[in-house]
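Data first, discussion second: the structure below is written as structure tokens.
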Number of protein chains: 2
Amino acid sequence: MAIPRAARTQRRTRIQEEKEEVILEAALDVFSVHGFRGSTIDQIADVAGMSKPNVLYYFRTKEAMHRSLIDRVLFTWLEPLRAFDANGNPESEIRSYIRRKLEMARDFPRESRLFANEMLQGAPHIEDELRGPLKSLVDEKAEVIRTWAKAGKIAKCDPYHLIFSIWSTTQHYADFDVQVRAVLGQEHSGEGRFEDAARYLEKLFVDGLGIRRP
Amino acid sequence: MAIPRAARTQRRTRIQEEKEEVILEAALDVFSVHGFRGSTIDQIADVAGMSKPNVLYYFRTKEAMHRSLIDRVLFTWLEPLRAFDANGNPESEIRSYIRRKLEMARDFPRESRLFANEMLQGAPHIEDELRGPLKSLVDEKAEVIRTWAKAGKIAKCDPYHLIFSIWSTTQHYADFDVQVRAVLGQEHSGEGRFEDAARYLEKLFVDGLGIRRP
DNA sequence: AGATAATTTGACCGATTGGTAAACATTACA
DNA sequence: TGTAATGTTTACCAATCGGTCAAATTATCT
């Protein structure tokens, strides 16, 4: 009889690596749209082009698939923030952070939506990661921003809410893509809206709206 | 035999109004967390404190419940934007728009998440409303903003992306509530974070970050 | 009070759910 | 080439899904 993946001790086969990749790719397609409970193994198997028992040969449960995806996404998703450099120039650091996050929203929208789905459901699978590694990383970068503010390099502002606002504005173009397309209309449905967004957001965060006071 | 709701011609009973309200309230609880496909009628019936056939007596299908909820939310959700006044002062209009949207994120987080869930799934039920009424309203307000920019009252910027950024930053506090709480930690888990967010966001959008140019 | 309409429920339906068992097919390696 | 490990499939399971039905109960109105 076949030995389930988790029970094996030896290293993975070529076939295992390939098939697991195919399955996770399909699972990302499905989970990112319908969330955990709204997705079915049959659906994932169908997208992956294999039978349901075959999928379950590589991942013993639906949760194992989801967990595997979440872990992978959570890591890569924080890379732009990790790259945020305390020794860099504040303006260019913020500019490139925005740009990187926008590129991720453009190139990895499914990963963004998977994450958003998890958030909407109250993060039942990753609450520990949020309170642990994520909070630590944000705390660290918030301190950097606060230092910049104290040195007079940027205006005083709440660094946490600054980070939240960069997250939300950039991820919006992945998570609410349908709405963005619908509002912008046919003509802006190309990749151009990401460049427009980058231009606008960089200006917003660096210069502000420039509203004149009375 | 009982006559299903949709087939009736006479006006609604007192019991009908009450029970439909109870059901929609329960449905909002469930749909906003698990999305359409991830939610079950049994679950909604359970939250509503009634039997499944009883729920289906008032709403003939699961989709009827969802549609009823979406319609209601879609309308109230756009009210702050409708209140956006062309004749008002740009600064105070943007300030109060941000404040109103933040209040909605604080007071109606379930409605925000229901909407977000729908967006993540590609808005299969409301794509027409997005392309129609929503786009029209945004077009109208975008024109107002553009007028302000031409008059020199605010800096030139893409009005559509400005609206997107206000939407995303404010709704973030409802949709990503778990993450916000986790990052801010125990001490900021009260309602205070909404005031902090309002202060920060108003400053961001009105004054900008104030980063000094070389 | 009695008749009628509105409401509620338990039993049930076929389809789908996540997951299993075992037979069968393929691969890797001696 | 033989054989043991790995991979795949068909058939199936109990539980749950959205939804129906008829009978029982309750509210409404004359």
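Exposed loop sites here mean trypsin sites (Lys or Arg not before Pro) with a DSSP loop assignment and at most 15 other beta-carbon atoms within 10 Å; chain A contains its longest site-free run at A:61-152.
Computed on the range B:82-191, with alpha-carbon pairs under 8 angstrom and 6+ residues apart, the relative contact order is 38 percent. Counting from the shortest, the label point at residue B:109, 7 Å from Cα toward Cβ, is 2.8 nm from the same position in each remaining copy. Annotation: amide H-H contacts under 5 Å for residue A:207 (H modelled 1.01 Å from N, sequence separation of 5 or more, or interchain): B:209. Listed by chain and number, the aspartates and glutamates whose alpha-carbon sits under 14 Å from that of residue A:19, ignoring those within fewer than 8 places in the same chain, are A:46. Normalised Debye scattering of the protein assembly as shown at q = 0.09, 0.11, 0.12, 0.13 Å⁻¹ gives log10 I(q)/I(0) of -0.63, -0.91, -1.06, -1.20, counting only Cα atoms as equal scatterers and leaving out solvent. Across all Cα atoms of chain A, the radius of gyration (one decimal) and Dmax (whole number) stand at 20.5, 79 Å.
When the GluC sites (Glu not before Pro) in the range B:119-214 are filtered for DSSP coil states and for at most 13 other beta-carbon atoms within 10 Å of their beta-carbon, the remaining sites are B:191. At an R0 of 25 angstrom, the distance between the Cβ atoms of residue A:85 and residue B:188 translates into a FRET efficiency of 0.40. Straight-line cross-link reach from residue A:101 at under 25 Å between alpha-carbon atoms covers these lysines, not counting any fewer than eight positions away in the same chain: A:135, A:141, A:153, A:156, A:203, B:101, B:156, B:203.
Summary for residue B:147: label point 7 Å along Cα→Cβ; distances to the equivalent points in the other copies, ascending, 4.8 nm. For chain A, the relative contact order works out to 22 percent when only alpha carbon pairs closer than 8 Å and six or more residues apart are counted. Backbone phi angles across the range A:156-163, fed through the Karplus curve with coefficients 6.51, -1.76 and 1.60 (θ = phi - 60°), yield HN-Hα couplings of 5, 7, 5, x, 5, 5, 4, 4 Hz in residue order; Gly and Pro are listed as x.
In the protein assembly as shown, the DSSP-assigned H stretches of four residues or longer account for a calculated mean residue ellipticity at 222 nm of -22000 deg cm²/dmol, using -39500 (n - 2.57) per stretch and the full residue count as denominator. Please list log₁₀ I(q)/I(0) at q = 0.15, 0.16, 0.17 Å⁻¹ for the range B:72-192, using the Debye equation with identical point scatterers on the alpha-carbon positions. Computed log10 I(q)/I(0) values: -0.76, -0.85, -0.94. Along the range A:69-85 the Karplus relation, 6.51 cos²θ - 1.76 cosθ + 1.60 evaluated at θ = phi - 60°, assigns HN-Hα couplings of 5, 4, 4, 5, 5, 4, 5, 5, 5, 9, 4, x, 5, 4, 6, 4, 9 Hz to successive residues, with x for each Gly and Pro.
Quick note: the coordinates plus some simple rules give every number you see, no bench work behind them. Source: prediction; values computed, not measured. For neighbour counting, all protein chains shown are included, and Cβ atoms are generated from backbone atoms with ideal geometry for every residue, glycine included.
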